[in-house]
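For reference, the structure discussed in these notes is given below.
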Amino acid sequence: MTMTNRKPVAVVTGASSGIGYELARQFAEHGYDLVIGAEDGGIAKAAQDIQALGATVEPVQADLATWDGVERLWNTATAGGRHPDAVAINAGTGVGGEFARDTDLRAEIKLVQLNCESVVHLAKLASRDMVKRGAGRILITSSIAATMPGPYELVYAASKAFDLSFAEGLRYELKDTGVTVTALMPGPTDTDFFERADMTDTKVGQGKKDDPAEVAKDGYEALMAGKDKVIAGSAKNKMQAASARVMPDPAKAAMHGKMSEPGSGQK
């Protein structure tokens, strides 16, 4: 599939569903061609759907928790001398449960590889290319979970704190290069995250969630405006993030734990 030279190109990871899919739609609706990646076969159907918006879309089915998966995505994105104008590093996963007694270590290590290692890998490739050209936009999906300790999903929350810190630090390093970095910080969103993380029996898993299309719209607009970060979705998310700035860590951990504790949805 050949992209024209007349349209900008965006790369979006985790684009087979949820926030990533909606981010890809945002780019397509605003005149971008796309390279989209995800581990599951749904990425091909997502590409077909998004192409109906008038964009040329190249799907890459690859495990982005691996070195080879990230390299394959980037090689596709830069094939033929292409230079992506925007990169949305969104792919991520969660693991719920009590760390010492319940959760699977291999799943948590893979979480770190996807949520952290692949973020560093793809951001390195993208930022090097963009800095050489003096232009580009990078969006990194973090979470409001980054603002507090995260009992019962603690590796996930820690990974998102890493993503936020990484995005803000990289933004500062690139401040005079023409390249911007924006952190997207959603709250609970209506995706398959809670099912995949085994958190459907928790208060947060059973509670009200934001529309991923609205979250993606907030993220896209913040990226285009060159903002450092955006707390996306409902006013509740913004209030929670604001309160986290003044609450002591033990209080934040207790607040988070009441929402994420296994079985809390039945209490």
The helices (runs of 4 or more DSSP H) lying entirely within the range 170-267 that contain at least 2 residues which are at pLDDT below 95 and surrounded by fewer than 16 Cβ atoms within 10 Å (Cβ to Cβ) are 193-196, 235-244, 249-260
Residue count, the range 17-71, condition aliphatic (A, V, I, L, M) and either at pLDDT below 95 or not in a helix (DSSP H, G or I) (or both), comes to 12
Query raised in the report: Does Gln266 satisfy the condition of being on the phi < 0 side of the Ramachandran plot, among the polar types (S, T, N, Q) and without any contact (Cβ under 8 Å) to a residue 60 or more places away in the chain?
Result: no
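Let's see how each residue does on (1) in contact with an Asp or Glu (Cβ under 8 Å, 6 or more places away or on another chain); (2) of a type in the set (Gly, Ala, Ser):
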{"site": "Ala123", "(1), (2)": "no, yes"}
{"site": "Ser127", "(1), (2)": "no, yes"}
{"site": "Lys132", "(1), (2)": "no, no"}
{"site": "Gly136", "(1), (2)": "yes, yes"}
{"site": "Ile140", "(1), (2)": "yes, no"}
{"site": "Met148", "(1), (2)": "yes, no"}
{"site": "Val155", "(1), (2)": "yes, no"}
{"site": "Gly169", "(1), (2)": "no, yes"}
{"site": "Thr177", "(1), (2)": "no, no"}
Going through the range 119-161 in order, the residues found to be closer than 20 Å to Gly226 by Cα, aliphatic (A, V, I, L, M) and not in a helix (DSSP H, G or I) are Ala135, Ile138, Leu139, Ile140
Subset of the range 79-118, residues touching a residue at least 12 places away in the same chain (Cβ under 8 Å), surrounded by fewer than 18 Cβ atoms within 10 Å (Cβ to Cβ), part of a loop (DSSP other than H, G, I, E, B) and out of contact with any helix residue (DSSP H, G or I) (no Cβ under 7 Å at 6 or more places or on another chain), comes to Arg82, Glu98, Asp102
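The values are calculated or read from the model by the stated rules, or taken from the named source; none is laboratory data. Keep in mind the model is a prediction, meaning the values are calculated, not measured. Cβ atoms come from the backbone with ideal geometry, glycine included; neighbour counts cover every protein chain shown.
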